[in-house]
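The values are calculated or read from the model by the stated rules, or taken from the named source; none is laboratory data. Just so you know, these numbers come straight off a predicted model, no measurement behind them. Counting neighbours? That spans all protein chains shown, and the Cβs are built from the backbone with ideal geometry, glycine included. For accessibility, only protein heavy atoms count, side chains too; no ligands or nucleic acids. Shrake-Rupley method; radii C 1.70, N 1.55, O 1.52, S 1.80 Å.
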Amino acid sequence: MERKPHIILSSLDLERIEALLDKQPAFPGREALEAELDRADVLEPKEMPPNVVTMNSTVRFTLLESGKTNTLTLVYPKEMDGSADKVSVFAPVGIALLGLSVGAQSRMPGPSGQVTVRVDAIEFQPESAGELHR
């Protein structure tokens, strides 16, 4: 069995995501997101290390199989506005990125099988910017 990477969530992000899940009908990836929430270490927002992907973080990552690099902001579904620079926490790549540290890798479903995502950099993280309630 594949070992999953260590993930850390802020207590605020966890509360907000769980509240959304309580209201959200089934969607592809729901079980994967719930499993990630269940296994995460949870910290207070002010204790969040600056190298961890949190909600509203802008993260640069690479899809290892293709070598393609992207920079996206991880957002809640209601913040998806069609712009190409955002990804929902309910999307496979959003689920894979949530809680990862810089340098960590996670597997996610892709169009032609499993894809490996590696976090290369956190370009903005609300917690390290002092925006604890964003």
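A few notes on this one:
- Residue list for the range 98-124, filter: open to solvent by 30 Å² or more (accessible area, probe 1.4 Å) and assigned to a strand (DSSP E or B): Gln105, Arg107, Pro109, Gly113, Gln114, Arg118, Asp120, Ile122, Glu123, Phe124
- Residue satisfying all of: in the range 1-24; open to solvent by 100 Å² or more (accessible area, probe 1.4 Å) and modelled with pLDDT under 95; farthest from the chain's Cα centre (by Cα) among these: Met1
- Annotation for the range 105-115: at least one member residue is polar (S, T, N, Q), free of Cβ contacts under 8 Å to residues at least 60 places away in the same chain, out of contact with any Ser or Thr (no Cβ under 7 Å at 6 or more places or on another chain) and farther than 22 Å from Gln24 by Cβ.
- Glu79 meets the conditions (1) in contact with a Gly (Cβ under 8 Å, 6 or more places away or on another chain); (2) loosely packed, with under 15 Cβ neighbours inside 10 Å in every case but one. The failed one is (1).
- Among the strands (runs of 3 or more DSSP E) confined to the range 9-88, the ones with at least 3 residues that are touching a residue at least 24 places away in the same chain (Cβ under 8 Å) are located at 41-43, 58-63, 68-75.
- Test: residue in the range 31-39 that is surrounded by 17 or more Cβ atoms within 10 Å (Cβ to Cβ) and of a type in the set (Asp, Glu): yes
- Residue match in the range 100-110 (condition: within 16 Å of Asp13 (Cβ to Cβ) and at pLDDT 95 or above): yes
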